[in-house]
Amino acid sequence: MLPTIAFYLFSGIAVGSGLMMISARNPVHSVLYLILAFFSSAGLFVLLGAEFLAMLLVVVYVGAVAVLFLFVVMMLDIDFVQLRQGMMQNLPASATVGLILLAELILAFTARNGAGETAEKIAEAAPMAEQTANTNALGQVIYTDYFFMFQTAGLILLVAMIGAIVLTLRHREGVRRQNISEQVNRDPKEAVVLTNPRPGQGL
Amino acid sequence: METIKVIDSLHASLDLALPEVIMALGAMALMMYGVFRGEKSFSAVSWGAFGLIVVTGLSVMDLAANDITVRTIGFSGAFVVEPFSIFLKYLILAGSGAAVLMAMDFMKREKLARFEYPVLVVLATLGMMIMVSANDLISLYMGLELQSLALYVLAAFNRDSLRSTESGLKYFVLGAVSSGLLLYGCSLLYGFTGTTNFDALAKVAAGDLSGSAQMGLIFGITFLLAGLAFKISAVPFHMWTPDVYEGSPTPVVAFFAAAPKIAAMGLFIRVTVGLFPVSEGVEQPWQQIVVFVAIASMVLGAFAAIGQTNIKRLMAYSSIGHMGYALVGLSAGTKEGVDGVLLYMLIYLFTVTGVFVCILAMRRKEGMVEHISDLAGMSQNHKIGAFVLSMLFFSLAGIPPLAGFWGKLFVFLPAIQAGYILLVVIGALASVVSAFYYLRIVKIIYFDEPEGAFQPQPMALRLILAVSAIFTLGLTLFLQVPREWTSFAAGSLF
């Protein structure tokens, strides 16, 4: 009973805040609704028994991505009202695409229920939820069975980093950079000059 | 007779992936060298990258010499090495090595000489090698993303040029959409079979499935192929190609034109023939998709190129058409068909690299020129260059006895044997149409009023052009050598 109530509560909030996110007038409110949607999805993950994914969602998406969005939205000077002008014109096309996607999803899920033979295989592949905790189960495979993919993922992140630097870093002339070793190695003999000015004359 | 060798230990798996390991470590070492030496290190890092590619090639050769004649699977099923992937790795490494050499002079002249270029090319190459060795949906995606991310950055490498940044952004956004399609397909395949491993997927697909599960698999493979069709720029997922080709720096385009297409074509073959083998007389659903994509690409490639004035845009449409021809061989779904595709990709790599060396040579005192009309009367000033370029275009048009003819012949023959007569007829007609715009360039080179000489080329580029020209011209004499090699490679998939 309680899980059912929790499920409807979480999914209701997730859908509602998702709708509010795309219809809110103020972009900052949109991001806040997005965060709410993330939180309720995390709740749904907990209900599914995937507590590690739930925590990951909160830490990565709420903690990093959404807060970054918030900053970007507040920093950028975009006229969102103007951006939204085209919405009514694009509505028919986007509604059609959405309907097609919905139909496909329904088709896929009905087919899924009919496919009894795959249920066993999925049960086989999934880690034993009742015996090991999520985090444990992930830790057991990520450096063994999925070692290759894990390392490749690291390389992808490296490429993303190189790319960001290549495309944005500029060494501008005349910018004073802090050079710690230069600062530490400064010699008082060269940096400080002792003078003995007479009263009333100055330097 | 299919035999699979499975390697259990991580240590032995690493031996299997030794070329990839060398490449990854080498890329990081080159990057560190570049970072500490600063902007002046472009030449050193470029030569280092070229050396790294050669060493990786030697290590692939070593692997091939160690009797890898059957599917050898490592990393708990994520990674596979067989003659098929080894052959594709050679092609990819050849394409990347040429791309590194071709860029050196150009980048220095255009003030783009930053050491990240060779590093990114090496990392993209690594992604392609992982792609062709993928034996799991996850490693497929990982390799694809590693390759694509590096390519997006390379497309926008000339960040001060509006067209280059635009092409990078366009490529990135459309590439992200295609990755989304591909992932949707992967998730459907996983949902209906309960596994991401290709061997297990093939087993499930070959077994007795209910109608609805069959339906789900078709959905999954369709989305997967849509994502891959984007990477080989096949119609209807070709929209990015002309703009990206036109906007990106020319050596980057030369890289785009060959190696990534070869890697994606390898994946295309692996997820179609590898996962859903064609048995006698029963048509697999993916064959209809491949037939449609092949027809659409050949026809669009032939007609849309006619009106182009920019030679890079023209080459973009030409590459769309050529991917269509290559897919004709795949549509048969037989060993001979895959054999033909591999031969086609080999010939395409050599020809297209040669053409791009010539495009790089289109440089006057005031800078690079890219218009087809700039080639006018090239035969007056550069006799050899004009001859080689015309020959390469004849080869692209598929005129015997040049290499391109054999490529087309060996993709059309298996399709005829498999009963796709209409497909082959359309392909032949499209190749007649495309011959028009190739021949128009030859006419401009030989019969138009001269426009003025081009600047001389550096030695490395002349060498690449010479190799490409000799291959294209002389393939007929030693056709048996690559034929044996490709049929050995294709045989390891069946």
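Where a number appears in this text, it was derived from the coordinates with a stated rule and is not lab data. Remember, predicted model here, so these are calculated numbers, not experimental data. Virtual Cβ from ideal backbone geometry, glycine too; neighbours counted across all protein chains shown.
Could you list B:Phe471, B:Phe255 so that the one with the fewest beta carbons within 10 Å of its beta carbon is first and the one with the most is last?
Numbers: B:Phe471 21, B:Phe255 28.
Sorted ascending by nearby Cβ count, the order is B:Phe471, B:Phe255.
Could you tell me how far the Cα centroid of region B:81-154 sits from the Cα centroid of region B:175-228, in Å?
Distance between centres, Cα-based: 26 Å.
Given labels modelled 7 Å from the Cα in the Cβ direction, how far is it in nm from B:Glu366 to A:Leu68?
It works out to 4.5 nm between the two label points.
Work out the FRET efficiency for B:Asp208 and B:Glu484 from their Cβ-Cβ distance, taking R0 = 30 Å, and round it to the nearest 0.05. Mind showing how you got there, number by number?
Values: r = 39 Å, r/R0 = 1.29.
My answer for the efficiency is 0.20.
What aspartates and glutamates could a cross-link reach from B:Lys5, if we take a straight Cα to Cα line under 15 Å and drop same-chain neighbours fewer than 8 places away?
Leaving aside aspartates and glutamates fewer than 8 places away in the same chain, those within reach of B:Lys5 are B:Asp15, B:Asp67, B:Glu82, B:Asp199.
Sort B:Lys170, B:Lys365, B:Lys231 so the one with the fewest other Cβ atoms within 10 Å of its own Cβ comes first.
Numbers: B:Lys170 18, B:Lys365 8, B:Lys231 25.
Final ranking by Cβ density, sparse to dense: B:Lys365, B:Lys170, B:Lys231.
For B:Lys312, give me every one of the aspartates and glutamates with a C-alpha distance below 14 angstrom, ignoring sequence neighbours fewer than eight places off in its own chain.
B:Asp243, B:Glu246, B:Glu370, B:Asp374
Summarise the partner chain shielding of B:136-149 as one whole number: the mean count of Cβ atoms from other chains within 10 Å of each residue's Cβ. Intermediate values should be presented prior to the final figure.
Numbers: counts 3, 0, 5, 4, 0, 3, 8, 4, 0, 6, 8, 2, 2, 8.
Mean partner-chain Cβ count within 10 Å for B:136-149: 4.
Put +1 on the Cβ of each Lys and Arg and -1 on the Cβ of each Asp and Glu in chain B; which of B:Leu314, B:Val278, B:Ala202 then has its Cα farthest toward the positive end of the dipole?
Toward the positive end, the furthest listed residue is B:Leu314.
On a full-extension model of 0.36 nm per residue, what is the gain between B:Arg440 and B:Phe387, subtracting their alpha-carbon distance, rounded to one decimal in nm? Spell out each step's value before the answer.
On the way: separation 53, 0.36 × 53 = 19.08 nm, distance 1.45 nm.
Once the chain is fully extended between B:Arg440 and B:Phe387, it gains 17.6 nm.
Please report the spacing between the Cα centers of region B:307-331 and region B:427-494 in Å, no decimals.
Cα centroid to Cα centroid, the span is 14 Å.
Once you've got the Cα coordinates, tell me which of B:Lys383/B:Lys443; B:Lys261/B:Lys383; B:Lys170/B:Lys261 are over 21 Å apart.
B:Lys261/B:Lys383
Lys/Arg Cβ at +1, Asp/Glu Cβ at -1, dipole of chain B taken about the Cα centre: which of B:Ala361, B:Leu463, B:Gly57 is farthest positive-ward?
B:Ala361
Against the 2.2 N^0.38 Å scaling, with N counting residues, where does region A:131-171 land? I'd like the Cα-based Rg ratio to two decimal places. If you can, show how the numbers build up before the last one.
Numbers: Rg = 15.9 Å, N = 41, 2.2 N^0.38 = 9.0 Å.
Rounded to two decimals, the normalised Rg is 1.76.
When the dipole is taken about the Cα centre of chain B, and only Lys, Arg (+1) and Asp, Glu (-1) are charged at their Cβ, what size is it in debye, to the nearest 20? All intermediate terms of the calculation are to be shown ahead of the outcome.
On the way: 28 positive and 30 negative charges, 226 e Å.
It works out to roughly 1080 debye.
Which of the peptides B:78-84, B:44-50 is most tightly packed, and how do the rest follow, judged by the mean count of other Cβ atoms within 10 Å per residue?
Numbers: B:78-84: 25.1, B:44-50: 21.3.
With the highest mean Cβ count within 10 Å placed first, the list reads B:78-84, B:44-50.
Exactly which GluC sites (Glu not before Pro) in region B:331-374 are in a DSSP loop and have at most 11 other Cβ atoms within 10 Å?
Details: sites: B:Glu336, B:Glu366, B:Glu370; in loops: B:Glu366, B:Glu370.
For GluC sites (Glu not before Pro) across region B:331-374 that sit outside H, G, I, E and B with at most 11 neighbouring Cβ atoms in 10 Å, the list reads B:Glu366.
What is the distance, in nm, between label points placed 7 Å from the Cα along the Cα-to-Cβ direction at A:Arg172 and at B:Phe36?
Each label point is offset 7 Å from its Cα along the Cβ direction, giving 3.1 nm.
So what are the ³J(HN,Hα) numbers for region B:156-166, from phi and the Karplus equation (6.51, -1.76, 1.60; θ = phi - 60°), rounded to whole Hz, Gly and Pro as x?
For region B:156-166, the Karplus curve yields 9, 4, 7, 6, 8, 9, 4, 5, 5, 5, 5 Hz.
Hey, what's the per residue convex hull volume over the C-alpha atoms of region B:186-340, in cubic angstrom? Before the final figure, lay out each step's value.
On the way: hull volume 17.3 nm³, N = 155.
Measuring per residue, one finds 112 Å³ for the Cα hull of region B:186-340.
Using the Karplus curve 6.51 cos²θ - 1.76 cosθ + 1.60 with θ = phi - 60°, what ³J(HN,Hα) values do you get for each residue of region A:26-43, in whole Hz, with x for Gly and Pro?
Coupling constants for region A:26-43: 8, x, 5, 4, 4, 5, 5, 5, 4, 4, 4, 4, 4, 4, 5, 5, 4, x Hz.
Once the Cα atoms of helix B:335-360 and of chain B are each reduced to a long axis, what angle between those two axes, in degrees from 0 to 90 to the nearest 10, is obtained?
Helix B:335-360 and the main axis of chain B meet at about 20 degrees.
Please name whichever of B:Ala264, B:Ile289, B:Gln380 sits farthest to the positive end of the charge dipole of the protein assembly as shown, dipole taken about the Cα centre and charges placed at Cβ: Lys and Arg +1, Asp and Glu -1.
Positive-most Cα among the choices belongs to B:Gln380.
Grab the beta carbon distance between B:Val21 and A:Ala160, set R0 = 22 Å, and tell me the FRET efficiency rounded to 0.05. The partial results should precede the final answer.
Working: r = 21 Å, r/R0 = 0.95.
Rounded to the nearest 0.05, the efficiency is 0.55.
How are the alpha carbon pair distances in the protein assembly as shown distributed across 10 Å bins from zero to the largest one, expressed in percent?
Computed distribution, short to long bins: 3, 13, 23, 25, 18, 11, 4, 2, 1, 0, 0, 0.
Rounded if a/c is under 1.5, else prolate if a/b beats b/c, else oblate: with a ≥ b ≥ c from the C-alpha gyration tensor eigenvalues square-rooted, which is region B:385-494? Don't skip to the answer; put the middle values down first.
Numbers: a/c = 3.35, a/b = 1.48, b/c = 2.27.
Oblate, since a/c reaches 1.5 and b/c is not below a/b.
Determine how many Å³ per residue the convex hull of the Cα atoms of chain B encloses.
Details: hull volume 65.0 nm³, N = 494.
Considering the Cα atoms of chain B, their hull volume per residue is 132 Å³.
Give the long-range amide H neighbours of B:Asp136: residues separated by 5 or more places, or on another chain, with amide H under 5 Å away, using H modelled in the peptide plane at 1.01 Å from N.
Correct list: B:Phe198.
Given axes a ≥ b ≥ c from the Cα gyration tensor, I'd like to know whether region B:97-203 is rounded (a/c under 1.5), prolate (a/b larger than b/c) or oblate.
Numbers: a/c = 4.90, a/b = 2.04, b/c = 2.40.
Judged from the Cα gyration tensor, region B:97-203 comes out oblate (a/c at least 1.5, b/c at or above a/b).
Cut-off is 10 Å between beta-carbons; in what order do B:Glu20, B:Glu246, B:Glu280 appear when sorted fewest neighbours first?
Details: B:Glu20 26, B:Glu246 21, B:Glu280 5.
Arranged by neighbour count, lowest to highest, B:Glu20, B:Glu246, B:Glu280 become B:Glu280, B:Glu246, B:Glu20.
Determine the calculated [θ] at 222 nm for chain B from helices alone, applying -39500 (n - 2.57) to every DSSP H run no shorter than 4 residues and normalising by the residue count; nearest 500 deg cm²/dmol.
Details: 20 runs with 361 residues, N = 494.
One gets -25000 deg cm²/dmol as the mean residue ellipticity at 222 nm.
Nearest 20 debye, what's the magnitude of the dipole of region A:163-203 about its Cα centre given +1 on Lys and Arg Cβ and -1 on Asp and Glu Cβ? Mind showing how you got there, number by number?
Values: 7 positive and 4 negative charges, 27 e Å.
For region A:163-203, the charge dipole is close to 120 debye.
With charges only on Cβ, +1 for K and R and -1 for D and E, what is the dipole size of the protein assembly as shown about its Cα centre, in debye, rounded to 20? Write out the running numbers ahead of the final one.
Details: 39 positive and 43 negative charges, 426 e Å.
So the magnitude is around 2040 debye.
Report the label-to-label distance for B:Lys108 and A:Leu47 in nanometres (one decimal), using points 7 Å from each Cα along the Cα→Cβ vector.
Between B:Lys108 and A:Leu47, the label points sit 6.5 nm apart.
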